[in-house]
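One structure below.
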Amino acid sequence: MRLTTLGSFATLVFSKKGYLSYLLLFTLAAPFPQHDVQLEFHGRYRATVQNFMINGAIHNCKITITTCTYRRPDGLRKLLEGIARQTILPILEQPVVILVVDNEGSDTSREICDAFRAAHPSILLEYVVEPRRGISHARNAVLDNITDDCDFIAMIDDDEVPADNWLEMLLEQQQQTGAQIVRGPIVPVFESDIPAWLKEQEYFGWPGNDAEIRHGQQLDFASTNNTLVYWPSISRAGVRFNPDLTFTGGEDRVFFQQLYNAGNRIVYTDRSIVYEWIPDSRSSLPALLRLSYHLGVNRLKKQYYLNTDHGQGGWLFSSILTQLGKSLGSTALSLLKLILCLLTGRWAAQCFFPELMKISRGAGLFIGLFGIRYRYYR
């Protein structure tokens, strides 16, 4: 059978499922120069990056802090209180808006929001229920409820608490670089102490000890768990969160990749810290095996959606062969390492469990070749 025929067949089988391209991380050796970037605040100001703060535009811009919540009332309460402690709030002339999209519509979450409004009347809080189940629908509901006069949206998750200067540091990096998107770090906070081997693997938080990512670094990816976005860049690009990824995850990576491809710059700051709460249910070995399998089984789907040439059968056929090789190779290597771990007595901490997780991911890579989806989010 000819290669083009196989490629066409593969496209027919997999295109309905959807797949992403590889996420590429590139770095710049030098810090960003000062850019004479013009940002228009809906007719109120036009300010260059150099005199952005001096002209007071940042004080008068309209900011909406957004979060999606689902069955995390305690997390939502802590998040809202963390937002109320933001150091920049007293100097902003425009009141900050908090937009909460509830994907469950629980009375508890509504009551938490009502109590927050009563305790903090200077902060505007909007509570919206998205009845369609799934994270992509909830995130699209966020986009649908942003007002036209908004300048920036700050995205954060309902299991996170921001440092008191979180929003200030995001805005500071934005004004210094002129980037349309600014991403900050995630610091994990564990419910219980975790073993040393798990800390070394850095399965939680971001960017961890990655020396390639530095303050001021330009990125080509972002997520919704700690990110500032210049709102007109979204409205002009017309991007949405992909409903096909609503239960598998990766919808935020695709979203920001589309913004990046549209010419928007993404910059990292190490100063706008958020703390992510990690319960024991997420740091257990079964949970980590499930996470590894999820990352493997949905990888080809993610590649499909991020690759602009995914409609070409040749690309998909090549990706299938590549993933098959990686699946078989990584699984075989990890099995060999497991045997060595058992023979040397290092079966637990530094060797056995990490290799077991790699096998789980390799199995997911193989299963994903058949277009099987794994609903990581319920």
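With a/c under 1.5 counting as rounded, go ahead and sort segment 239-289 into rounded, prolate or oblate using the C-alpha gyration tensor (a ≥ b ≥ c being the square roots of the eigenvalues; past the cut-off, prolate if a/b is larger than b/c, else oblate).
oblate
Using θ = phi - 60° and the Karplus form 6.51 cos²θ - 1.76 cosθ + 1.60, what ³J(HN,Hα) does each residue of segment 160-177 get, whole Hz, x for Gly and Pro?
Rounded to whole hertz, the list is 10, 10, x, 5, 4, 9, 3, 5, 4, 6, 4, 5, 4, 5, 5, 6, 6, 10.
May I ask you to evaluate 6.51 cos²θ - 1.76 cosθ + 1.60, the Karplus curve with θ = phi - 60°, for each residue of segment 137-142 and list the ³J(HN,Hα) values in order in whole Hz, giving x for glycine and proline?
Whole-Hz 3J(HN,Hα) from phi for segment 137-142: 5, 5, 5, 5, 5, 4.
When the convex hull of the Cα atoms of segment 39-272 is projected onto a plane and the area is averaged over all directions, what value comes out in nm²?
Value for segment 39-272: 13.1 nm².
In sequence order, what are the phi-derived ³J(HN,Hα) couplings for segment 225-237 according to the Karplus relation 6.51 cos²θ - 1.76 cosθ + 1.60 with θ = phi - 60°, rounded to whole Hz, with x for glycine and proline?
Those phi angles translate into 8, 5, 8, 9, 10, 6, 4, x, 5, 6, 5, 6, 6 Hz.
FYI, it's all coordinate maths here, none of it is from the lab. Please read all numbers here as calculations on a predicted model, not as lab measurements.
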